[in-house]
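S.K.: First, the structure itself, so that you have it in front of you.
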Amino acid sequence: MAEPARNLVLVHSERLQDVSDYEAIRERMAERAPDVEVFIARNARANPVTRRWAVGRPTLVFSPIAITGFRPERGRIVAGRAMPKIEEMRRLAAAGVRVPRFRLVEPETRLDEADWGPFTVLKRDVGRQGLGVTLSRTRDVRWVDPRSWPAGDPRRGRRMVAQVFVDTGTYPSIYRVMTVFGRAVYSTVSRSKRARPDLDPAGAEPIDMSIAATVERDLRMSYDMEVIRAAEAIYPAMPDIPVHGVDIIREAATGLLYVLEINPSGLTWHISSDLGRYRMRTYALDFPGQFGALDIIADALIEATRRLAE
């Protein structure tokens, strides 16, 4: 049997991915791609043995999240990284991805209702599970000193981003599609159990209403191929981020899809993460079984290693 021509190093982070995923991927790749030798390294450790073995051939180093302790001696690294939401949205918009209109809220910010509509979504520049996502009247949007929010308020110490309100209906909903190198691994739809109050565009009273569809929700697997294809098409816009957790909404009035974010930090490997397992237990779902996640990821890694290893 010929010697492998390339290496793939899978960097494992405890509680964020189960190492059994990587072991199963390695087994699949041994059968399908004998030209690629697969190593598994731990993110928080130096892994000197793996570093020595992997140095002899062109190598791709893959990690859903940022690499910390492991330092490969050779190879191209593709890994997630946290970035401000405003940077992410600017990159997506520049690549032609349909995103809701947005801007950073600064001391001089004043929004025109003729451009933004009567309502505006405000969210933290660094988001997490819908915390601090609120709906306000556009005319009332103003910069607030991040230090002035009360202790415990998720907005405290955070810059805020204004975003055009895309109405997904009486019960707010959002899709999530996990992709690896642009291949869909699983897809869900989250729908709020709580109807949002009726919105009066001409009302005089201020609004500071939670609008996230990820609180008090129903979570189900989704097979909406329009959404899935839209999520897969985003990869060329952010090719340096290998794992996308794409959040997409559909406007109720028009049916148009809008991309909210891709969660570039990579904390979205929910086919086996602690959070993913909790969600699967809670809602009786099967993320890895929906499309055959490990087969899809193995094939994506084979193609990526052959294309990117150096």
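Every number in this text was worked out from the coordinates using simple rules, so none of it is lab data. This structure is a prediction, so every number in the text was calculated from the model and none was measured. Here the Cβ is made from the backbone with ideal geometry for all residues, glycine too, and neighbour counts use every protein chain on show.
S.K.: Order by neighbour count: TYR171, TYR186, TYR22, fewest other Cβ atoms within 10 Å first, most last.
M.R.: By the 10 Å Cβ count, ascending, the order reads TYR171, TYR22, TYR186.
S.K.: Continuing with the same structure: Could the peptides 143-154, 97-108, 58-69, 232-243 be put in order, highest first, of the mean number of other beta-carbon atoms found within 10 Å of their residues?
M.R.: 58-69, 232-243, 97-108, 143-154
S.K.: Could you give me the ³J(HN,Hα) list for segment 21-30, computed from phi with Karplus coefficients 6.51, -1.76, 1.60 and θ = phi - 60°, whole Hz, x at Gly and Pro?
M.R.: Karplus values, whole Hz, x for Gly and Pro: 4, 5, 5, 5, 5, 4, 5, 5, 5, 4.
S.K.: Right, here's the next one. Of THR170, THR268, THR120, which is the most mobile in a GNM of the chain whose springs link Cα atoms less than 10 angstrom apart?
M.R.: Most flexible of the set in this elastic network: THR170.
S.K.: Calculate, in nm to one decimal, what GLU113 and SER210 gain on full extension: separation in residues at 0.36 nm each, minus their alpha carbon distance. Before the final figure, lay out the partial values.
M.R.: Numbers: separation 97, 0.36 × 97 = 34.92 nm, distance 2.04 nm.
Taking GLU113 through SER210 to full extension adds about 32.9 nm, to one decimal.
S.K.: Still on this structure, I have one more. Take every Cα-Cα distance within the chain, group them into 20 Å bins from 0 onward, and report for each bin the whole-number percent of pairs it holds.
M.R.: 31, 52, 16, 1
S.K.: Between GLU31 and ALA253, how high is the FRET efficiency from 1/(1 + (r/R0)^6) when r is the Cβ-Cβ distance and R₀ = 45 Å? Nearest 0.05.
M.R.: The calculated FRET efficiency here is 0.35.
S.K.: Now for a separate question. In Å, what is the Rg of the alpha-carbon atoms in segment 50-114, and how long is Dmax?
M.R.: Cα only, segment 50-114: 19.4, 61 Å (Rg, Dmax).
S.K.: Sticking with this one: Which far-off residues, 5 or more places away or on another chain, put their amide H under 5 Å from the one on PHE39, with H placed in the peptide plane?
M.R.: Sorted by chain and number, the residues that satisfy this are LEU8, VAL9, LEU10.
S.K.: Let me ask something additional. May I ask you to evaluate 6.51 cos²θ - 1.76 cosθ + 1.60, the Karplus curve with θ = phi - 60°, for each residue of segment 69-77 and list the ³J(HN,Hα) values in order in whole Hz, giving x for glycine and proline?
M.R.: Once rounded to whole Hz, the list reads x, 6, 10, x, 7, 8, x, 8, 9.
S.K.: If you don't mind, there's one more thing I want to ask. Which of these, ASP218, ASP140, ASP115, has the largest mean-square fluctuation under a Gaussian network model of the chain (Cα springs below 10 Å)?
M.R.: Highest fluctuation among the options: ASP115.
S.K.: What order do you get for LEU260, LEU219 when you list them from fewest to most C-beta neighbours inside 10 Å?
M.R.: Details: LEU260 25, LEU219 18.
With the fewest neighbours first, LEU260, LEU219 line up as LEU219, LEU260.
S.K.: In segment 192-271, which chymotrypsin sites (Phe, Trp or Tyr not before Pro) fall in coil by DSSP and have 14 or fewer other Cβ atoms within 10 Å?
M.R.: Filter output for segment 192-271: TYR223.
S.K.: Just to be sure I understand: of the beta bridges DSSP finds with both ends in the chain, what percent are antiparallel, rounded to 5?
M.R.: The answer is about 70 percent antiparallel.
S.K.: Let me ask you something else. Return P(r) of segment 85-264 (all Cα-Cα pairs; 10 Å bins starting at 0; whole %; ordered from short to long distances).
M.R.: With a bin width of 10 Å, the distribution comes to 10, 37, 38, 15, 1.
S.K.: Any chance you could check the Cα centroid distance between segment 278-300 and segment 175-220 for me, in angstrom?
M.R.: Going from one Cα centre to the other spans 22 Å.
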